[in-house]
Amino acid sequence: MWEYNVLVVDDEDEIRDAIEIYLRNEGIKVFKAKDGLDGLMILEEEDIHLILMDIMMPRMDGIKATFKIRESKNIPIIMLSAKSEDTDKILGLNVGADDYITKPFNPMELVARVKSQLRRYINLGNYKQGEDEINVNGLILNKSTKMVTVDGEEIRLTPIEYKILELLMENRGRVFSIEEIYERVWKEPYFNSDNTVAVHIRRIREKIEINPKEPKYLKVVWGIGYKIEK
């Protein structure tokens, strides 16, 4: 069983694969991305404890990706770069990186720095065990395993259904309009998509509610939108 999840963001296949080998030998699960945009997508889907981030990459470089991550997350970020100039190191640290390793790196040093940052993050209270689990009166959503249960019974949801439920459960008590649900889940502009959202809401209710016509969890606020009761 993996103890930690590390995301490696680098445009070189050989670098990603090598780092995966080093970290897997330490019981660390590795997720791999070829640029900043791919890294951000994985970060939204997985419970990541640390990021190894290359600086020079196509589409979105490590500086821009780190800046974006720091808008909402405080997980450790170690920058990787073939450049050794102080300006690059300073720039990376200024946008929110926690450490810096210059390529080519010593595998033992890389592993040691990763472990050091993980211990600091986990043991000093920045990471809360169990914070990836949301429990609303027996309806439990685990963001790490992507599992949803109702009174201990596992519920099978499609990826879109899961994302809608996750959005509502993370913000329980708050009412979301159909337009807002669509744009935050589908990641595209809303355009006459009322029925699309309504169909998915109905399917979620059929799966999580004992009586979908008298829902316990997923409530409609007429003329406004939907919410999960606190």
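Computed over neighbours whose Cβ is under 13 Å from that of residue 58, the net charge equals -4, Lys and Arg +1, Asp and Glu -1.
Ranking 74, 165, 62 by how far each Cα lies toward the positive end of the dipole of the chain (charges on Cβ) leaves 165 at the top. Could you please state how large a percent of the accessible area of the chain is carbon and sulfur, counting protein chains only and using a 1.4 Å probe? Answer for the chain: carbon and sulfur cover 49 percent of the accessible area. Using the Cβ-Cβ distance between residue 102 and residue 154 with R0 set to 45 Å, the FRET efficiency works out to roughly 0.45.
Once backbone amide H atoms are built at 1.01 Å from N, residue 8 has 31, 32, 33, 52 as its partners under 5 Å, excluding neighbours fewer than 5 places away on the same chain. From its DSSP helices (H runs of at least four residues, each -39,500 (n - 2.57)), the chain gives a residue-normalised ellipticity at 222 nm of -12500 deg cm²/dmol. For segment 142-210, the solvent-accessible area of protein heavy atoms averages 58 Å² per residue (probe radius 1.4 Å; ligands and nucleic acids excluded).
Between the amide H of residue 133 and those of 143, distances stay under 5 Å, these residues lying 5 or more places away or on another chain, with hydrogens modeled in the peptide plane. Applying 1/(1 + (r/R0)^6) with R0 = 30 Å to the Cβ-Cβ distance of residue 199 and residue 135 gives a FRET efficiency near 0.65.
If only the Cβ of Lys and Arg carry +1 and only the Cβ of Asp and Glu carry -1, the dipole of segment 112-230 around its Cα centre is close to 540 debye. Heavy atoms of the protein chains alone define the surface here; on that basis segment 5-52 has 43 Å² accessible area per residue at 1.4 Å probe size. A simple count of charges around residue 176, restricted to other residues whose Cβ falls under 13 Å of its Cβ and scoring Lys, Arg +1 and Asp, Glu -1, yields +1. Think of each Lys and Arg Cβ as +1 and each Asp and Glu Cβ as -1; about the Cα centre, that makes the dipole of the chain roughly 720 debye.
Helix 159-170 sits at what angle to the longest principal axis of the chain, using alpha carbons and giving 0 to 90 degrees rounded to 10? Once rounded, one gets 90 degrees. Counting only DSSP beta bridges whose two residues both lie in the chain, roughly 45 percent are antiparallel. Of all lysines in the structure, the ones whose alpha carbon falls short of 28 Å from that of residue 230, not counting any fewer than 8 places away in one chain, are 73, 128, 143, 146, 163, 187, 207, 213, 216, 219. Dipole orientation for the chain: of the candidates 175, 91, 144, 175 has the Cα lying most toward the positive pole (charges on Cβ; Lys, Arg +1; Asp, Glu -1).
The values are calculated or read from the model by the stated rules, or taken from the named source; none is laboratory data. Remember, it's a predicted structure, so these values are computed and weren't measured experimentally. Virtual Cβ from ideal backbone geometry, glycine too; neighbours counted across all protein chains shown. The accessibility values were calculated without ligands, DNA or RNA, using every heavy atom of the protein model including side chains. Shrake-Rupley method; radii C 1.70, N 1.55, O 1.52, S 1.80 Å.
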